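In what follows, a single structure is set out as structure tokens and then discussed.
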């Protein structure tokens, strides 16, 4: 069964925005960079890629976070969304934040290991100005091609509790420890 996404909408008054969390579980990919073959499943034995006879490599999963600002009551600017992929390490940092309430900043440069380094940068910040027991703000910022996009979404304590539970449940699926 494919996991569904968890959505939080904060735009009923036309303020703030929406955030969606979706799980990409552990999967197998072809060692051939031109191949788009991706195989999901819990089998520890690599599947065979009949298309190009290449070796299959197991990859950890992630949690995709999609955020968009509200442009009116219950309307969101999904054309200018920010997508942020949370790694296993990022999730560990988030779980600690949920426990201690200290501010957290995650920085990603999707082109860091290539000639595209610095072309696009993304930052996700969790802050709890009044303490974690009063909720938190998620701020996402993307810099790309000289343009800065920002989305800010407040989360209540109960939304943080649900997110904490979902992230903890996702960890084994991200590394195929089912």
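The values are calculated or read from the model by the stated rules, or taken from the named source; none is laboratory data. Keep in mind that what you see is a predicted model, and the values were worked out from it rather than measured. Cβ coordinates were reconstructed from backbone atoms using ideal geometry, including for glycine residues, and neighbour counts include every protein chain displayed.
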Restricting the search to the range 103-131, which residues are in contact (Cβ under 8 Å) with a residue 24 or more places away in the chain and either touching a strand residue (DSSP E or B) at 6+ places or on another chain (Cβ under 9 Å) or surrounded by 17 or more Cβ atoms within 10 Å (Cβ to Cβ) (or both)?
103, 108, 119, 120, 122, 124, 126, 127, 128
Looking at residue 143, is it surrounded by fewer than 18 Cβ atoms within 10 Å (Cβ to Cβ) and within 19 Å of residue 76 (Cβ to Cβ)?
no
Checking residue 93 against (1) buried (at least 17 other Cβ atoms within 10 Å of the Cβ); (2) closer than 25 Å to residue 169 by Cβ, which test does it fail?
(1)
Out of curiosity, is residue 69 closer than 19 Å to residue 21 by Cβ, in contact with a strand residue (DSSP E or B) (Cβ under 9 Å, 6 or more places away or on another chain), surrounded by 12 or more Cβ atoms within 10 Å (Cβ to Cβ) and touching a residue at least 40 places away in the same chain (Cβ under 8 Å)?
yes
Taking the stated definitions as given, is residue 134 touching a helix residue (DSSP H, G or I) at 6+ places or on another chain (Cβ under 9 Å), free of Cβ contacts under 8 Å to residues at least 24 places away in the same chain and over 17 Å from residue 63 (Cβ atoms)?
yes
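Going residue by residue through the range 7-24, is there one that turns out to be assigned to a loop (DSSP other than H, G, I, E, B), under 17 Å from the mean Cα position of the chain (by Cα) and modelled with pLDDT of 70 or more?
In the first step, residues of the range 7-24 are kept if they are assigned to a loop (DSSP other than H, G, I, E, B); the result is 10-16.
Then keep just the ones that are under 17 Å from the mean Cα position of the chain (by Cα); that gives none.
The answer is no, given that none of the residues of the range 7-24 is assigned to a loop (DSSP other than H, G, I, E, B), under 17 Å from the mean Cα position of the chain (by Cα) and modelled with pLDDT of 70 or more.
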